[in-house]
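Written out below as structure tokens is the structure these notes cover.
We did not get these values from a lab; they are worked out from the coordinates using the rules stated. Being a predicted model, the structure only gives us computed values, none of them experimental. Don't worry about glycine lacking a Cβ; one is built from the backbone with ideal geometry, like all the others, and counts go over all protein chains shown.
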Amino acid sequence: MNKKLPELLEQYEDIVILWSLRVLYNLKGYMRMDTEYGLYGHDRALSVVGLEHLIDKHDDENPISKKKFRKILKAQSDLYEKKTIAYEGMLFRNLTELGKLVELSETEKKLLAFGTLIHAIKDLTEVCGVLGDLTARGVVNSLSIILDIDPASIRQALSKEGLLNRTGLMRLDCNYPDELDDQLELLDEITDVLLDDEELDIMQSLRRFFKVARNASLAPDDFSHVQKDYGLVHDYLKAASDKRLKGVNILIYGPPGTGKTEMVRTLAKDLGCPLYEVNNTGEGVVDEYDKARVDSYQLCQQVLKRTPDTLILFDEIEDVFLRDGSMERFGIRTSSDTKKGWFNQLLEENTLPAIWVSNVIYHIDEAIIRRFDYVMELKTPPRQTRIKIFREYAKSMDVSEKWLQKIATNEYLAPGLISRAVKVVSELNLKTQSDVESNLEQVISNTLGAMGYDKDLTKGVQSPITYRLDALNPDYDLVTLQEALKQHPKGRICLYGQPGTGKSEFARHIAETLDVPLIIKRASDLLDPYVGMTERHLREMFEQANEEESILLLDEADSFLQDRTRARESWQVTQVNELLTQMEQFDGLFFCSTNLMEQLDQASLRRFDLKIKFDFIKPDQLWGLFRQVLEDYKADAPDEKTWMKQVMSLENLTPGDFATVARQSRFSGKPLDADSLLEGLKRELKFKAYGAYKNMGFINNN
């Protein structure tokens with residue numbers, strides 16, 4: 001035996017032999033051993049109980065009879081039954097400590113000891129294997145004999161209502177007959193904890209399942225954008241703690257990096273409550289189906305239940321609650337109603353308040369969502385809060401206020417993204433402000449791109465030319481409109497016309513003039529292949545503008561306001577209806593821009609207070625803008641006699657054409673001057689003519 005066991009487990013030799021003899025003799029395991037051919041194949045099992053010499057004595061020519069084999073086993077069994085066996089060693093020390101924390105009974109501790117050793121010692125596994133496949137009843141009866149415990153006590157300890165099952169420490173997995181070791185399912189890594197000989201405090205050993213949460217790095221003020229939600233959750237958790245309420249569960253969801261976990265830590269600090277987190281990754285407790293994390297959560301609840309005012313955070317629960325209710329991943333095969341009942345029990349019986357955090361909840365069954373006491377969505381903070389959070393995280397870094405204001409215009413700049421970018425750049429030992437800012441932008445931009453968002457952090461807000469109202473050709477007085485909006489910044493305004501005529505830039509100009517944030521949404525930001533999701537994104541767009549008190553610009557509005565009489569699919573109608581509904585309810589300033597006015601739903605046009613056409617700029621405006629661009633790029637002023645007539649002879653140009661040529665000059669390696677600007681404008685006109693020719697050909701071919 002000693003040669004077979006690892007050195008660490010030699011201290012359990014007598015216990016293993018006693019249990020093995022009860023399997024072979026009392027449970028008549030020997031009846032399943034083939035004595036006719038000399039016990040070959042059972043050498044490991046025989047060596048466990050000290051009978052390996054029988055293999056050499058009895059071969060297929062000299063077989064041992066069942067009766068004689070039974071007699072030998074009885075003698076060995078009687079010897080060990082009379083022997084005083086001490087239940088000592090690190091296993092039983094750790095079980096005693098765990099038992100105090102979890103309030104385990106003697107039966108439950110013995111079951112855990114057996115479950116630990118049958119999984120840790122292959123010799124014991126093989127001995128028990130001679131019993132063959134066992135049903136639930138067979139498991140209970142076998143354990144009763146092996147451990148010398150009343151069957152009723154075993155049955156109670158392994159029941160679904162029992163402490164072992166509720167904590168996930170040990171479950172009876174009897175969905176179908178199987179060998180004894182496979183029927184006893186232990187919490188992942190609990191074997192390592194119980195056999196740990198380092199004499200650590202048991203709470204230290206349990207850190208692989210749950211741990212004390214990190215300190216909060218944000219303050220309650222950083223969640224002012226969800227002040228009402230924050231206050232309600234805060235007050236409810238305080239009441240739950242004061243009154244020792246059971247079954248308190250909060251669900252917080254929202255996109256990655258929006259500060260959900262940080263909000264929970266801030267709440268705990270604000271309340272003065274210890275916070276424990278169920279481990280997620282990197283701790284060896286996560287399996288494919290997250291079953292181990294649910295077990296860890298239940299163990300955490302049981303271990304800490306007598307710790308006053310404690311909160312538990314269960315983060316990243318995406319794989320825990322499934323709409324299909326598939327409990328098979330928890331080793332339970334039951335009907336749909338029972339599956340939901342299991343979840344309901346999980347949410348109703350917790351002693352300590354739990355905050356569950358998820359990036360998405362669309363896959364969680366509505367019946368389960370209703371079981372949470374409070375459900376809140378945490379979106380990316382509004383612009384001013386983003387600035388404040390970035391300022392706090394980057395307080396030790398050299399970044400300008402102007403840069404912060406610019407970078408915070410990106411609506412996807414979540415706290416988690418800011419935190420990680422600052423963490424990376426702070427390690428680079430950069431010397432200049434521009435290096436710090438550009439590297440922060442690089443880190444953030446790359447992450448946004450990987451997440452599927454626009455890598456342009458400011459969405460092209462910096463135009464390469466000066467924006468001038470007198471360089472536009474609208475059919476409405478924009479100066480008068482601008483002054484009116486200063487007094488009453490509300491309304492629904494449709495801007496239409498050719499590409500590049502200044503529609504979107506006008507919305508940006510108004511936002512800058514009024515010193516109000518601008519939210520820009522394009523079709524690519526809102527369109528979603530899943531039914532109902534585009535409508536949801538449209539609602540969220542207006543909600544965001546309301547929350548941030550921003551001006552809203554919907555670019556490419558024709559994607560959502562197409563003529564409903566031509567709709568082929570029902571979703572095309574519902575998208576238009578949703579946008580119109582949200583427009584009517586919006587109490588701020590809403591712009592939409594389109595290049596395809598003729599395709600817009602006629603009924604929807606009546607919902608706009610103003611419809612302003614932006615046309616190609618006029619000859620005198622061309623000359624003024626030509627001079628302005630050259631002045632912006634510090635080029636020599638153009639001679640009026642030489643250049644004015646040539647410039648004013650150009651037709652169908654827009655401010656966007658000037659901006660395009662200005663950007664192109666960066667690639668030429670030469671400074672922009674009158675010659676290159678004029679040639680660039682002519683080149684743009686050629687492309688327009690070519691595009692018009694192609695479109696005409698397309699139409700003629702149909």
Whole-Hz couplings from phi, Karplus 6.51/-1.76/1.60, listed for the range 353-370; x for Gly and Pro:
x, 10, 10, 9, 10, 9, 6, 9, 9, 4, 8, 8, 4, 4, 5, 7, 4, 5
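How high is the FRET efficiency from ARG663 to GLU366, r the C-beta distance, R0 56 Å, rounded to 0.05?
Here the calculated transfer efficiency is 0.65.
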Output the 0 to 90 degree angle, nearest 10, between the alpha-carbon long axis of helix 66-82 and the longest principal axis computed from the alpha carbons of the chain.
80
Eligible aspartates and glutamates near LYS246 by straight Cα distance, threshold 18 Å, same-chain separation 8 or greater:
GLU161, ASP235, ASP309, GLU348, GLU349, ASP373
What are the ³J(HN,Hα) couplings of the range 115-123, residue after residue, when phi is run through the Karplus curve with 6.51, -1.76, 1.60 and θ = phi - 60°? Round to Hz, x for glycine and proline.
x, 5, 6, 5, 8, 8, 10, 5, 4
Once you've got the Cα coordinates, tell me which of LYS260/LYS503; LYS634/LYS682; LYS74/LYS100; LYS211/LYS260; LYS160/LYS243 are over 26 Å apart.
LYS260/LYS503; LYS74/LYS100; LYS160/LYS243
Taking the chain as the reference, fit the longest principal axis to its C-alpha atoms, fit the long axis of helix 478-487 to the helix C-alpha atoms, and give the angle between the two in degrees, 0 to 90, nearest 10.
50
Size of charge dipole - the range 619-693 - debye, nearest 20, with Cβ of Lys, Arg +1 and Asp, Glu -1, no other charges
300
Any idea what diffusion coefficient the range 476-614 gets from Stokes-Einstein, in µm²/s, Kirkwood Rh on alpha carbon pairs, 25 °C, 0.890 mPa s?
162
Residue separation times 0.36 nm, minus the C-alpha to C-alpha distance between GLU543 and TYR530: what's the value?
2.6 nm
Tilt, helix 260-271 to longest principal axis of the chain (alpha-carbon atoms), in degrees rounded to tens, equals 70
Using alpha carbons only, how many angstrom separate the centre of the range 59-117 from the centre of the range 510-565?
70
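Over the chain, what relative contact order in percent results from Cα pairs under 8 Å that are six or more residues apart? Numbers along the way, then the final one.
Numbers: 991 pairs, mean separation 63.9, N = 702.
Here the relative contact order equals 9 percent.
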Tally the DSSP beta bridges in the chain and give the antiparallel ones as a percent, rounded to 5.
25
Please report ILE368, ILE312 as a ranked list, fewest other C-beta atoms within 10 angstrom at the top and most at the bottom.
ILE368, ILE312
Sum of side-chain charges, LEU194 neighbourhood, beta-carbon under 11 Å (Lys, Arg +1; Asp, Glu -1)
-3
Overall form of the chain per C-alpha gyration tensor (a/c, 1.5; a/b vs b/c):
prolate
Taking +1 at the Cβ of each Lys and Arg and -1 at the Cβ of each Asp and Glu, which of TYR412, LEU440, LEU428 sits farthest along the dipole of the range 383-451 towards its positive end, judged by Cα position relative to the Cα centre?
TYR412
Compute the relative contact order of the range 476-614 as a whole-number percentage, counting only Cα pairs closer than 8 Å that sit 6 or more residues apart in sequence.
40
Ignoring everything except DSSP H segments at least 4 long, calculate the 222 nm mean residue ellipticity for the chain; use -39,500 (n - 2.57) per segment, divide by total residues, nearest 500.
-14500 deg cm²/dmol
What ranking, highest mean first, results for peptides 429-442, 238-251 when packing means the other Cβ atoms within 10 Å averaged over each residue?
238-251, 429-442
Considering the options MET451, LEU378, ILE154, tell which one lies farthest towards the positive end of the dipole of the chain, charges being +1 on Lys and Arg and -1 on Asp and Glu at the Cβ, about the Cα centre.
LEU378
